[in-house]
Structure formats: C-alpha cells, structure tokens
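Since the structure comes first, as structure tokens, the remarks are kept for the end.
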C-alpha cells in the first residue's frame with residue numbers, strides 16, 4: 001500500500017460540492033452518474049489514532065451498531081506510527097455522529113506481534129466483527145509481527161483471534177460470503193518472506209489469498225471449519241514510506257469469482273471458483289492491467305457487476321468491466337494538489353452505499369470519510 005501518512009491536525013469541512021477537477025473519461029458505466037463528493041467528517045477518535053484504512057457498512061442492527069452504520073478502522077496511532085492503530089470507529093449516517101466501536105489492546109494473546117489494524121475487516125450478519133492486524137512496534141517493518149484476525153462481538157469486545165501458519169500480515173480488504181449460520185472470508189496475506197525495508201528491498205512473490213470457511217454456532221463466536229489457499233505468488237515488498245505493498249483489493253463477483261488487485265503487478269486478476277475450489281489458482285487470470293491503473297488498492301463491486309478500484313499513486317477511482325477487462329470510466333475522487341500526482345497515497349478503503357447509489361471511501365491525507373454520489 002503506497003501512502004504518504006501525513007499528520008494533519010485540521011478537520012476537513014463537509015458539504016455537498018462538485019469536485020473542481022472531477023473528470024469522467026467515458027460516457028458509460030456507474031461512475032459517470034456520480035457528481036458529488038461529500039466529506040462526512042474526521043475518523044480520528046479521542047485517542048488520536050489516524051490513517052483510516054478499512055470501511056465496512058453494517059448489514060444488521062445489533063448491539064451498539066445500527067444497520068447501515070459505517071465502521072472504519074485506523075492503521076496508525078496518535079504518533080502517526082504505521083502498524084500501531086488499535087481503534088474501530090462507527091459513523092452513524094442517520095445522526096452524523098461518530099463513536100468508538102472498539103479499542104483493542106496493543107498486545108493481545110493469540111495475535112503474534114500485537115495489533116495494528118489493517119484494511120482486512122468485515123461484519124457478519126450474526127453481528128460478529130472480524131478485523132485484521134498487520135502490526136509493528138515502532139511503525140516500521142523492522143519490528144513487524146505476523147499478526148492475526150481479531151474477532152469482536154457486537155459490543156466491540158474481543159471474543160477470540162484467528163492465527164496460524166496461513167496468516168501473515170493480513171492486508172487486503174476482505175471479501176465475504178455470509179448466509180448467517182456459515183460464512184466464507186477471503187483475506188490476502190502480504191507478509192510471507194518480506195524482510196527489512198532498509199536499502200532496496202526486493203519484491204517477494206509469496207503473498208497469498210486465503211479462504212476461511214466459518215461455522216457460526218448460535219450465540220457463540222465463529223469457528224474456523226477450514227482454510228484453503230486459493231491464490232498465491234503475488235508480489236509484496238517492504239517500503240519505508242508505505243510500510244508494506246501487496247495485494248490489497250478483494251471483491252467477490254458472480255459465480256464465485258474472486259477479484260484481486262495486484263498492486264505490484266499493476267493489474268486486476270480473477271480467481272475462478274474461489275468459493276469452492278480446493279486448490280490454488282496461482283495468480284489467476286488477468287482481467288485488466290496498466291492503462292489508468294496506478295497501483296490499484298481497494299476494490300468494490302458496483303451495481304451491474306463492474307469493479308470500482310482506488311488508485312494508490314493518484315486520487316482516481318477506476319471502473320472496470322470484469323467480463324471484458326475494459327476500463328470503462330475514470331473519476332477523480334481526490335484531486336488534492338498538495339500531492340504529486342494529485343491525491344497520491346490518499347485513497348484506501350472503499351464500500352458501496354446500502355442503496356447502491358454511490359460509495360464511501362477514506363482520504364488518508366486528512367483522515368476523513370467521504371461519500372460519492
């Protein structure tokens with residue numbers, strides 16, 4: 001993930017505005033219908049955690065969460081050290097209020113290396129929240145740990161962890177298939193073989209996508225029924241500025257096809273039959289590469305099945321038709337000229353609105369949640 005991780009104290013001012021630099025480069029697709037980007041507010045809680053990463057829209061009302069609330073986690077602490085954030089905040093669209101859903105201890109039994117919340121997060125229909133940790137003790141990859149997935153109940157209390165040999169720095173935003181009594185999670189793991197960021201760290205082609213099949217007993221935490229590596233061999237790399245670069249976006253499409261944004265390869269790939277396959281598809285088949293993609297990061301499925309992908313090296317969102325591989329449309333979500341190119345390193349999590357009429361995203365440079373409609 002490439003970002004600049006700047007520490008800005010001022011809060012962005014919300015309001016419905018037309019993006020002055022917004023541009024759509026095609027007349028078809030989902031993106032051209034979106035004309036307004038509205039800043040909803042800061043995602044910085046009272047403890048000062050910053051650098052918002054994951055976004056999850058709540059599928060149900062349960063515990064302290066209302067349906068359609070937006071959960072956002074933070075990767076950095078108040079000192080702006082990467083891999084040290086421990087909070088999940090809850091933005092309530094109905095009231096425009098922000099509350100803290102969970103504050104996880106920095107050191108946690110069952111989570112090797114501690115806690116630094118990544119883009120891997122989901123909420124199940126049963127109310128359980130599962131979030132990834134890609135931790136560091138000093139904000140660099142020199143002290144990174146393997147991390148884990150932390151399981152939280154609907155009040156934000158820790159109910160357990162998922163760790164082991166298949167989990168190493170869970171990194172990308174989770175894709176989830178959930179029927180209530182069982183659920184399937186997909187999470188990328190970018191830490192395998194990645195060492196110190198000193199000098200010129202090599203690209204290590206060992207990153208994986210892991211499928212975790214869960215059973216969810218009534219009133220009890222989810223239980224791991226099986227784990228399957230459905231894809232492997234993606235590039236990952238330690239980076240002084242970005243902390244870690246690896247496969248980030250995961251989105252589940254039709255017929256059990258999983259789409260993965262391969263940041264180092266600058267492409268989107270498809271893993272066929274990902275929900276059922278018993279083996280690895282390697283790095284899958286390329287759907288689209290290069291073009292307007294500039295280090296693709298988070299990804300979501302728009303109405304109609306197109307993919308929306310955030311860029312890491314500029315502030316654009318790219319719409320891709322997964323059937324044809326055509327890059328259908330491009331829009332500036334973050335045209336901040338303080339970065340070069342504009343918006344570089346600012347965009348991370350992305351999630352569709354419940355109505356399907358837009359999407360949420362976070363801007364790293366000012367720690368805010370934004371809605372595009």
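Residue under question is residue 115, and the condition is that it be without any contact (Cβ under 8 Å) to a residue 40 or more places away in the chain, under 19 Å from the mean Cα position of the chain (by Cα), over 18 Å from residue 236 (Cα atoms) and buried (at least 19 other Cβ atoms within 10 Å of the Cβ); does it hold? Yes: the conditions hold for residue 115.
Of all residues in the range 165-177, those that are surrounded by fewer than 24 Cβ atoms within 10 Å (Cβ to Cβ) have Cβ atoms under 8 Å from Cβ atoms of residues that are at pLDDT 95 or above and part of a loop (DSSP other than H, G, I, E, B), 6 or more apart or on another chain, in 176/124; 177/275. Kindly check whether there is at least one residue in the range 276-294 that is part of a loop (DSSP other than H, G, I, E, B), within 25 Å of residue 75 (Cα to Cα), touching a residue at least 60 places away in the same chain (Cβ under 8 Å) and out of contact with any helix residue (DSSP H, G or I) (no Cβ under 9 Å at 6 or more places or on another chain). There is no residue in the range 276-294 that is part of a loop (DSSP other than H, G, I, E, B), within 25 Å of residue 75 (Cα to Cα), touching a residue at least 60 places away in the same chain (Cβ under 8 Å) and out of contact with any helix residue (DSSP H, G or I) (no Cβ under 9 Å at 6 or more places or on another chain). Taking the listed residues 41, 14, 85, 63, the one that is modelled with pLDDT of 95 or more and over 22 Å from the mean Cα position of the chain (by Cα) is 63, with no other qualifying.
Kindly provide the set of residues from the range 252-270 that are farther than 20 Å from residue 182 by Cβ, in contact (Cβ under 8 Å) with a residue 40 or more places away in the chain and assigned to a strand (DSSP E or B), ordered by number. Passing the criteria: 259, 260, 261, 268, 270. None of 108, 71 is at pLDDT 95 or above and farther than 18 Å from residue 127 by Cβ except 108.
Note on the range 137-151: residues that are buried (at least 24 other Cβ atoms within 10 Å of the Cβ) and in contact with a strand residue (DSSP E or B) (Cβ under 7 Å, 6 or more places away or on another chain) amount to 5. Restricting the range 342-373 to residues that are out of contact with any strand residue (DSSP E or B) (no Cβ under 9 Å at 6 or more places or on another chain) and at negative phi, which is modelled with the lowest pLDDT? Residue satisfying both the conditions and the ranking: 365.
The values are calculated or read from the model by the stated rules, or taken from the named source; none is laboratory data. None of the values given here were measured: they were computed from a predicted structure. Because the Cβ atoms are built from the backbone with ideal geometry, glycine has one as well, and the counts that use them run over all protein chains shown.
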